[in-house]
Each structure stands twice: as C-alpha cells, then as structure tokens.
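Below is one structure, written out as structure tokens; the observations come after it.
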Amino acid sequence: MAAVKETVDQVKQIDVDQYKYGFVTEIESDKAPIGLNEDVIRFISAKKAEPEWMLEWRLDAYRRWLTMEEPTWAKLDYPKPKFNDIYYYSAPKVAEGPKSLDEVDPELLRTYEKLGIPLQEQEILAGVTEENRQYSKVAVDAVFDSVSVATTFKEELKKAGVIFCSISEAIREHPELVKKYLASVVPVSDNFYATLNSAVFTDGSFVYVPEGVRCPMELSTYFRINEQNTGQFERTLIIADKGSYVSYLEGCTAPQRDENQLHAAVVELIALEDAEIKYSTVQNWYPGDSEGKGGIYNFVTKRGDCREKNSKISWTQVETGSAITWKYPSCILRGENSTGEFYSIAISNGYQQIDSGTKMTHLGKNTSSRIISKGISAGRSNNTYRGLVSAHKKASGARNFTQCDSLLIGDQCGAHTVPYVESKNASAIFEHEATTSKISDDQMFYCQARGIGEEEAVALIVNGFVKDVIQQLPMEFAVEAQKLINISLEGSVG
Amino acid sequence: MLEIKNLHAEVEGNKILRGIDLTINAGEIHAIMGPNGSGKSTLSYVLAGKDDYEITEGEILFNGENVLEMEPHERAAVGLFLAMQYPIEIPGVANMTFLKTALNAQRVARGEGELKTPDFMKKVKELSAKLNVTQEMLRRPLNVGFSGGEKKRNEILQMALLEPKLCILDETDSGLDIDALRIVSDGVNALKSPERSMLVITHYQRLLNYIVPDVVHVMYQGKIVKSGDKDLALQLEEKGYAEFTGEAAA
C-alpha cells in the first residue's frame with residue numbers, strides 16, 4: 001500500500017481548505033461581452049471561423065433554450081445561475097491559433113505543468129511496463145477556458161489514421177463527420193443544459209478512430225476554467241468506427257474563487273459494429289471552501305450510443321470536485337449484443353452536493369449492462385445515486401447488474417439511492433444490489449490499535465471500498481485517482 | 001514493563017474500573033479471571049486506548065512512559081498489542097494489505113523504515129504456516145466471512161508479525177474448539193520471551209493449561225480482589241467466584 005502511505009504524507013502537507021489546483025494564471029484573455037444573446041453566439045461562431053451551417057445550428061439551439069426551464073428533479077439545492085452574468089467566451093490572447101507547442105504562451109504551459117499534464121511530446125508517464133510501452137504515451141488536448149490550446153502527438157495519431165483535435169478544428173476540417181454525428185446521441189433539445197451547450201459551446205475534443213484501428217495511445221483532454229465569471233461549455237464527440245478501439249480520459253480543474261462558476265458540457269460517444277470506447281473521467285473541479293462558498297456548478301450530459309452490434313461503451317468516473325454535480329453518463333444499447341458499463345466513485349465532502357448516476361437503455365437483443373457505483377459522503381455533503389435501467393419491447397435477453405454502495409463518514413452527511421428499473425420485455429433479467437455502510441468507530445479503533453494512524457486508516461478503508469472501480473481505470477491514472485480520493489477526504493475525521 | 005496505579009475508568013457515568021493496581025515485569029505472564037461484568041474487557045480496551053472510556057483517576061506507565069497521553073496507534077508502535085475478543089471486519093481491504101500497512105506504520109513510527117515487500121512476504125508466509133492461516137485467508141478481506149476460529153488465529157498472526165512487547169489477549173479462547181485452542185496457544189507460547197510480557201484475560205482455566213501464567217488475578221467489580229500463582233485458577237474452576245461475590249456457587 002505504498003500509494004496509501006504516499007497519499008497520507010501528501011495530505012498532511014496541505015491544509016483542509018487548500019485546494020491544490022486553486023491557483024490563477026495571470027494571462028491576458030480575449031472575451032465575449034458578458035451575458036447571452038444572439039450576438040454573443042455570432043461572436044463565438046465568428047471567433048471560431050465556423051461555417052454558416054454551424055452558426056444556424058447554434059442559433060436554433062439558443063432559440064429552443066429560451067423556451068426551456070431548468071430541471072428541478074435532482075436532489076440539489078443551489079441558487080439558480082444568473083445566465084446573463086457569465087462570460088460565454090474567454091480565450092488566452094494570441095494572434096492566431098497556435099501552430100505548434102512553441103507558439104503557446106509559456107505562462108499557459110507552466111499552468112499545465114503545475115497541473116501535472118505532460119504536454120511535451122517526449123514525456124512518457126512513469127510506471128509503465130516494457131510490454132505496454134506503446135501505450136505509455138498519452139495524447140493530450142488541453143482546453144483552457146473556452147479554447148483548445150494544444151493537442152499533442154497529432155502526427156503519430158495521424159499515421160494510424162486517428163483524428164484527434166479540438167472540436168472547432170473538426171468543424172472546419174471534417175464537417176462531414178461532424179454533421180453526421182453531432183447531436184446524434186444527445187439531441188439539441190435533450191435537456192436545458194445540453195441545449196445551452198449546443199448554443200454556446202466553445203471548444204472540446206473530437207476523436208475519430210477509423211475502421212479496424214486500435215488507437216495506439218491513451219487520448220486525454222484536460223479542462224481548466226481560469227477566468228472569473230466564466231462558463232465552460234465544452235463539447236466532446238468521439239466516434240469509433242467498425243472494429244476499432246479507443247481509450248479516452250478527461251481531467252478537470254479550476255482556480256479557487258468565491259463565486260460559483262458554471263460548467264455545462266456535452267459528451268457524445270458513438271460505437272459502431274464491434275467497436276469499443278472506454279471513457280474515463282477524473283473530475284476535480286474546485287469544490288468550494290470549508291464553509292460551502294464558491295465552487296463549480298457542474299451540469300453535464302454524457303451519453304454513449306452503442307449503435308451497431310457487438311459494440312461496447314464503458315464509462316468510468318472519479319468525481320471528487322464541484323460544489324454541485326449533476327451528471328448521468330449513459331448508454332443507449334441499440335446494437336444487438338452490445339454492452340454498456342458504468343463504474344463510478346463519487347466523493348462528497350464539505351458542503352458538496354452530488355446527484356449522479358447513469359441510464360442504461362436496452363433497445364437491442366441480448367444487450368447487457370453493468371453498473372458499479374460507490375458513493376462516499378463526508379462532512380455535511382449530500383450524495384445521491386440516480387439510475388434508470390430500462391428494457392424496451394424488442395430487447396429480448398437484456399441483462400443488467402447494478403451494485404450501488406454508499407459509505408458514510410461522520411454523522412452530518414447524507415447518502416441517497418434512487419434506482420429506477422423498467423422492463424417491457426419479459427425475458428429481461430435485471431439485478432440490483434445496494435448497501436449503505438459507515439466507517440464505524442470500531443473499524444477505526446481496530447486499525448489504530450494495530451498502529452495505523454487516523455488519516456491512514458480512513459484511506460485504507462476507503463480504498464478497500466472503491467477498489468472494484470479503481471481497477472477499471474487506465475493504470476497510469478489509477479494511482480492518481482487514489483491520491484485524489486484521499487486528498488478529498490482529508491479532514492473528514494476527528 | 002507495565003505499571004497500572006489506582007486506575008479508575010467510567011463509561012457514560014457508570015464506574016467500571018474502581019482502582020486497579022497491577023504491575024507486570026518483563027517476561028511475565030499474568031492471567032485475569034473474574035465473573036461477567038467485572039471490568040476485564042474494559043481494562044483491556046483502556047490499555048489499548050479505546051475512545052469510549054473516561055479515565056477519572058490513576059495512571060498507566062509502559063516502560064516508564066505515560067500511556068494515557070498516547071493515541072492508540074502510538075501505543076501500538078511502542079509495543080502494546082490487544083488481541084480482541086471480537087475482531088472487526090473491514091470489507092475490501094485484503095488481510096495481507098492490512099498486515100503490511102500496520103507493520104510498516106509501526107516501523108515508520110519507530111524510525112525503522114518500511115520492510116521490503118519480499119522480506120515481508122517471507123515473514124508472513126512463515127508465520128501463517130505455523131498458525132494454519134491459509135494463503136486464501138491472507139487474500140480475503142480482513143476478517144470478512146472468517147469463522148470464529150479463523151478470526152482468532154488471524155489475531156495471533158498479527159501479534160506474531162508485529163512482535164509487541166506486551167500482548168493482551170482478551171478472551172482469545174472464546175469460541176474455539178480443542179484443536180483451534182491448541183494452535184492458538186502454541187502460537188502464543190512461541191512468542192514467549194524474557195523481553196515480552198503477556199496479560200491473558202479468560203473465563204476458563206482450560207486456556208491456562210496451555211498458556212501457563214506466572215500470576216493469576218481475580219477481578220470483581222472493577223478491582224483486583226485476589227492474586228496468586230497458577231493454582232488459584234484451579235481453585236476458581238472448582239469453587240467458582242462465590243468467595244468474592246458473596247453468592248453461593250451454582
């Protein structure tokens with residue numbers, strides 16, 4: 001358990017209130033006028049040098065959004081964001097888009113360095129065995145406020161035929177793919193936040209893996225909100241063509257600010273015949289201070305479509321940040337024999353509120369899905385799992401297994417489980433298991449009586465609790481996630 | 001090694017220990033017997049540092065150090081070990097992981113540095129074979145689904161690995177069949193040394209046939225009311241506690 005030990009040492013070095021990524025980068029930025037109207041959307045579209053059809057698409061979304069209302073069904077309590085007090089576009093000032101890493105503002109590169117992101121291509125993440133060497137490289141697309149600043153390993157990916165670029169670039173360079181797949185999983189008017197995103201999304205990542213290609217490296221995007229009063233609305237679109245495979249990881253951080261910042265992303269995944277997409281998230285947005293002031297409002301729509309037979313989509317998420325989390329990475333299991341997976345660790349501490357879970361929509365024959373959710377609540381936080389598993393009439397032989405465990409630390413937090421199960425096909429087999437437990441005083445005493453200190457005992461017990469999910473993460477990030485979990489829980493005992 | 005002076009402890013206002021005096025020298029084995037509710041288990045928890053008890057009077061010195069000012073994990077690091085009557089289950093944490101975390105935490109606290117994994121594995125393998133603890137038990141989550149006997153053997157394995165200076169055994173014989181009792185006792189006896197002391201808490205004289213004490217104490221209503229050699233345990237077995245409780249033996 002070297003990782004646990006290391007974590008505890010790290011944890012001791014930081015104060016309860018000190019969010020590691022809470023620094024602000026002093027960098028000049030180019031912003032749209034504050035607030036939201038059609039002119040702002042035109043401004044964004046122009047900045048991105050988008051074709052006319054894209055602008056029309058955005059305006060259409062905006063007009064629909066004006067008629068919509070914010071959903072209130074989640075177990076979340078927060079003041080409504082004032083949508084007209086937000087900047088919808090903010091970009092680090094550069095004359096042109098950077099052509100190579102050399103053109104990126106060094107201040108920005110330093111920021112990413114501080115975040116531990118290997119932007120430099122030669123950087124190889126440590127701890128990877130020889131046989132996995134070809135997968136030890138991680139291609140990174142880094143999104144700062146509203147724009148993608150650098151995408152690494154482009155050349156090498158190109159050789160394999162993989163397109164990995166910012167969505168803005170994809171709209172310009174690969175319009176046929178974007179037109180075909182954008183909003184094909186999350187329709188423009190899917191929900192309030194997805195519609196808002198469709199109108200104002202500023203950047204994000206685009207991935208296309210051609211037929212039969214196994215993507216030669218992990219793909220990764222890091223999102224960072226830097227500017228004050230800025231919303232981040234990124235759009236990610238990943239398409240795995242027949243028989244291909246891709247593993248993608250996103251990480252998120254933001255500076256420490258007293259006011260709340262809005263993040264409303266849309267992620268769409270499309271897996272065609274025999275293709276597999278593995279999507280992992282380590283979300284560490286600023287959660288607010290120990291009194292619940294500040295923090296990111298995170299309203300995210302993530303959905304994958306197993307469009308053809310034998311396809312597979314797997315979501316793994318480690319959620320530790322954000323003041324408010326509203327997020328349900330889901331799978332539409334359309335293709336015969338397709339598989340959807342959702343592995344989640346959601347940790348809330350302080351005054352954080354999480355309402356997260358998944359939807360597994362079984363449409364095709366012999367589709368299967370698996371949900372493992374581990375919620376950990378500490379401090380005065382509330383943590384809700386909300387899930388919907390449904391089988392439609394034609395989904396003969398659909399199978400689901402759901403395991404939903406909650407762990408409570410202390411006596412002022414809450415854990416809630418809201419699973420919905422709907423079956424319209426008699427042959428569907430759905431299983432649901434749920435547990436709620438508490439780190440008991442007896443467990444703590446037992447560990448301590450054997451010489452293990454308080455913080456380390458919590459780390460040990462929590463790591464035991466989340467083990468099933470950690471195992472699903474790409475190896476390089478599993479250790480990172482483990483550390484993050486322990487840092488998030490720091491100060492939750494005693 | 002251990003000096004307990006006029007120790008008083010209570011739980012939620014109920015006085016449980018009412019003036020315990022006990023001295024254990026290095027290498028000695030002491031047994032504490034007594035009827036239910038006399039405060040034996042409380043004494044063991046107070047020694048290990050469980051939170052639920054308020055110490056109202058008295059002191060505990062361990063090799064001259066004031067134990068009452070130490071956190072439970074600090075007490076463990078200086079060599080105090082409590083084999084519990086009801087070992088706790090921790091789901092998801094492999095037994096082996098727990099052993100390694102505990103051993104290294106203690107070693108680091110003592111400034112010895114962590115034990116290298118191959119050395120650790122070798123040591124665990126050796127000790128677990130003696131205590132009939134299987135590889136499978138080492139891989140399973142700590143105490144989860146262990147039988148009563150497995151849990152007790154596992155406690156002794158922890159003790160053997162951590163090599164404490166004072167071993168406190170709280171009713172380690174409860175729930176054991178004859179064979180398990182022998183394995184556990186052999187494990188404890190293997191740890192006997194001139195530098196190591198033991199405090200054995202038990203209801204039954206039977207255990208003391210295997211782990212032979214130098215001194216036997218009778219505890220009643222939170223006090224040690226009589227001390228003697230190992231024959232005292234035999235007398236108690238025969239006559240019960242009537243002499244102390246003032247009630248006729250059943």
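Legend: mean number of C-beta atoms from other chains within 10 angstrom of residue C-beta atoms, peptide A:433-445, equals 3. Among the residues of A:460-473, the average count of other protein chain beta-carbon atoms within 10 Å of the residue beta-carbon is 3. Residues whose amide H comes within less than 5 Å of that of A:Tyr87, counting only those at least five positions distant or on another chain, are A:Gly35, A:Thr230, A:Gly231 (H built at 1.01 Å from N in the peptide plane).
Ellipticity at 222 nm from helices only: DSSP H runs of n ≥ 4 in chain B, each -39500 (n - 2.57), divided by the residue count, give -11000 deg cm²/dmol.
Using only the alpha-carbon atoms, how far is helix B:178-190 inclined from the longest principal axis of chain B? Give it as 0 to 90 degrees, nearest 10. Helix B:178-190 and the main axis of chain B meet at about 80 degrees. Among A:Lys302, A:Lys179, a tally of other beta-carbon atoms within 10 Å of each Cβ gives an order, fewest to most, of A:Lys179, A:Lys302.
An oblate overall shape is assigned to the stretch B:64-210, the ratio a/c of its alpha-carbon gyration tensor axes (a ≥ b ≥ c) being 1.5 or greater and a/b not exceeding b/c.
Build a GNM of chain B with springs between Cα atoms under 10 Å apart, and of B:Phe62, B:Phe146, B:Phe81 the one that fluctuates most is B:Phe146.
Taking amide H as placed 1.01 Å from N in the peptide plane, B:Ile32 has its amide H under 5 Å from the amide H of B:Val200, B:Ile201, B:Thr202, B:His217, each at least 5 places away in sequence or on another chain.
Among A:377-389, B:168-180, how do they line up by average Cβ neighbours within 10 Å per residue, starting with the highest?
A:377-389, B:168-180
In plain terms, the residue of A:Thr67, B:Thr42, B:Thr101 with the fewest other Cβ atoms within 10 Å comes first and the most crowded comes last, giving A:Thr67, B:Thr42, B:Thr101. Neighbouring Cβ atoms from other chains, within 10 Å of the Cβ of residues in B:71-83, number 4 on average. Highest mean packing comes first when the peptides A:311-322, B:134-145 are listed by Cβ atoms within 10 Å, giving A:311-322, B:134-145.
Here the peptides B:221-227, A:155-161 are ranked by packing, the mean other Cβ count within 10 Å, and the order with the highest first is B:221-227, A:155-161.
Note on B:Val184, B:Val212: ascending count of other Cβ atoms within 10 Å places them as B:Val212, B:Val184, the fewest first.
Computed from the coordinates by the stated procedures, all read-outs in this text should not be read as laboratory data. Since this is a predicted model, take the numbers as computed values, not measurements. Neighbour counts are summed over all protein chains in view; Cβ atoms, including those assigned to glycine, are modelled from backbone coordinates with ideal geometry.
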